[in-house]
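Throughout, read-outs are computed from the coordinates displayed, never taken from laboratory work. Because the structure is predicted, anything quoted here is derived from the model rather than measured. Because the Cβ atoms are built from the backbone with ideal geometry, glycine has one as well, and the counts that use them run over all protein chains shown.
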Amino acid sequence: MNNNQKKTSLYNKHIELGARIVPFAGYEMPLQYEGVIKEHLTVRSQVGIFDVSHMGEFILSGAKATDSLNYVTLNDVRNLAVGQAQYSAMCYEDGGIVDDLLIYRYSDYYMLVVNAANIEKDWNWLNKHLMAEAELVNRSDEISLIALQGPKSKDLLSLIVPEVSDLKYYTFCELTYKNKSITIGRTGYTGELGYEIYADNAIIPIIWDDLFKIGEEFNLAPAGLAARDTLRLELKYCLYGNDIDQTTHPYEAGLGWITKVDKGNFIGKQAILDRKEKMDRRLVCIEMIDKAIPRQGYEIYKDGDKIGYFTSGGQSPSLEKGIGLAYVNRPHTKSGTELEVDIRGKRKQAIVVKPPFYKNGTALD
């Protein structure tokens, strides 16, 4: 293992559980434990637990924190009440995406949760564009994060933290657990009912152990990065570096719903509006008709012409078929459009479908 890779506060727990460890975004992370299909289906039907401590956390405060955040992100943070969370993104001046992120609004500051591979880039970008009366602190190395996801997550977590029973989707609460301050948000990356628990490095392993002590009756199982990827793919949740990056724009990526062009000026606004008027491709969901598995980079054809490429792909454990996200040229982006995928030199039949692939998630229950 690369000695330059960091270890999360739960690293020894993963080793004890027999996880396959891989380098990811500068960390040694669990790829899988008993297998991606089993872990995936456990989250869909029962409850799984993920270590996502590699994610970055920034604290933004000051008199101009709200104005600064509204200028550098697409969504409108002024709509956030204390105790609410928001999905958003940051763009370059040309409309390309810097990163997508979660924003939590506390009483006197914001917490920004950014992708692990983008921590340094996001830190530099934010510091370059924040207003004078806004202060940013990087707490990424101090805060650990676990995600408890699945239909049984509320029943399990409420046994040790009763307060979560009242949490609505995309809200959070601050509380004290064993004399330590923690934040629990009803958010996640799986499409299932779930919670993300933020706390200092010292307390997260204790919470992890406490959940496993009472988790057997709920069939609680650890889940790794591989299951996290298949779960988010089934919901058409974008992964930075695959489905969105500096070359993609919010509207073509299906992120128009977080792009609040009426809120005032923000970085990239004019370029985003210009691209919207001239948008020639869209990120779509594609299911394989033939028995085949699409992968990132595979080319897509219609009537012999290349019209797109996959950004993410794999075998769906829930649907038991090959699925993927792909940028496809218009006008071939409508649901029901049949296409061909070049898989190792052979053309395989596929079809554009309405998102998400998996429609039975419990996130809103």
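From the backbone phi of the range 337-344, what are the Karplus-calculated ³J(HN,Hα) couplings (6.51 cos²θ - 1.76 cosθ + 1.60, θ = phi - 60°) in whole Hz, Gly and Pro given as x?
Coupling constants for the range 337-344: 6, 8, 9, 10, 10, 7, 10, 6 Hz.
Could you list which residues have their amide H under 5 Å from that of PHE24, counting only those 5 or more apart in sequence or on another chain, with H placed in the peptide plane?
For PHE24, the qualifying residues are MET29.
Using 0.36 nm per residue, how much length does the chain from ASP166 to ASP209 gain when fully extended, once their Cα-Cα distance is taken away? Mind showing how you got there, number by number?
Numbers: separation 43, 0.36 × 43 = 15.48 nm, distance 2.36 nm.
Result: 13.1 nm gained on full extension.
Quick check: net charge around ASN138, other residues with Cβ under 11 Å of its Cβ, Lys/Arg +1 and Asp/Glu -1? Mind dumping the intermediate values first?
On the way: positive: ARG139; negative: GLU57, GLU120, ASP122, ASP141, GLU142.
The answer is -4.
Return the long-range amide H neighbours of LEU239 (sequence gap of 5 or more, or a different chain), with a cut-off of under 5 Å between placed amide H atoms.
ILE244
For LYS260, give me every one of the lysines with a C-alpha distance below 27 angstrom, ignoring sequence neighbours fewer than eight places off in its own chain.
Within reach: LYS64, LYS121, LYS128, LYS168, LYS236, LYS269, LYS276, LYS278, LYS334, LYS354, LYS359.
Under 1.5 on a/c is rounded, so check that first for the range 56-138, then, if it is not, pick prolate when a/b is larger than b/c and oblate when it is not; a ≥ b ≥ c are the square roots of the alpha carbon gyration tensor eigenvalues.
Taking the square roots of the gyration eigenvalues as a ≥ b ≥ c, the range 56-138 is rounded.
Which GluC sites (Glu not before Pro) does the range 16-122 hold that lie in a coil by DSSP with at most 13 other beta carbons within 10 Å? Intermediate values should be presented prior to the final figure.
On the way: sites: GLU16, GLU28, GLU34, GLU39, GLU57, GLU93, GLU120; in loops: GLU34, GLU93.
Here the GluC sites (Glu not before Pro) that fit, given the DSSP loop and packing criteria, are GLU93.
So for CYS91, CYS173, CYS238, fewest C-beta neighbours within 10 Å to most, what's the order? Kindly include the intermediate steps, with their values, before the conclusion.
On the way: CYS91 25, CYS173 15, CYS238 22.
Sorted ascending by nearby Cβ count, the order is CYS173, CYS238, CYS91.
Cut-off 10 angstrom, C-alpha nodes, Gaussian network model of the chain. Which of ARG44, ARG347, ARG186 fluctuates the most?
ARG347
Suppose R0 equals 35 Å. What FRET efficiency, 1/(1 + (r/R0)^6) with r the Cβ-Cβ distance, do LYS321 and PHE24 give to the nearest 0.05?
Step by step, r from the Cβ atoms, then E = 0.85.
So how far apart, in nm, are the two label points at ALA81 and SER61 if each is 7 Å from Cα heading toward Cβ?
2.4 nm
Residue by residue through the range 55-62, what is 3J(HN,Hα) from phi via Karplus (6.51 cos²θ - 1.76 cosθ + 1.60, θ = phi - 60°)? Round to whole Hz and write x for glycine and proline.
Running phi through 6.51 cos²θ - 1.76 cosθ + 1.60 with θ = phi - 60° gives 4, x, 10, 10, 10, 10, 9, x Hz.
If you compute Cα extents along the principal axes in Å for the structure shown, which of [x] 64, 50, 43; [y] 100, 48, 47; [z] 60, 53, 39 do you land on?
Structure-derived value, by its label: [x].
Is it possible to state the helix-based mean residue ellipticity at 222 nm for the chain, with each DSSP H run of 4+ residues giving -39500 (n - 2.57), the sum divided by total residues, to the nearest 500 deg cm²/dmol? What is it? Walk me through the numbers before you get to the answer.
Working: 8 runs with 71 residues, N = 365.
Helices in the chain give a 222 nm mean residue ellipticity of -5500 deg cm²/dmol.
Along the range 306-321, what does the Karplus equation 6.51 cos²θ - 1.76 cosθ + 1.60 (θ = phi - 60°) give for ³J(HN,Hα), rounded to whole Hz, x for Gly and Pro?
With the stated coefficients, the range 306-321 comes to 6, 10, x, 7, 7, 9, 8, x, x, 8, 7, x, 6, 9, 6, 8 Hz.
Given H placed on each backbone N at 1.01 Å, which residues far from VAL353 in sequence or on other chains put an amide H within less than 5 Å of it?
Hits under the 5 Å cutoff: CYS285, ILE286, GLU287, GLY336.
For labels at LEU159 and LYS276 in the simple 7 Å Cα→Cβ model, what's the distance in nm?
4.8 nm
By the scheme Lys and Arg +1, Asp and Glu -1, what is the net charge of all other residues having a beta-carbon under 12 Å from that of ARG330? If you can, show how the numbers build up before the last one.
Working: positive: LYS278, ARG281, ARG282, LYS302, LYS334; negative: GLU252, ASP280.
Taking every other residue near ARG330 into account, the sum is +3.
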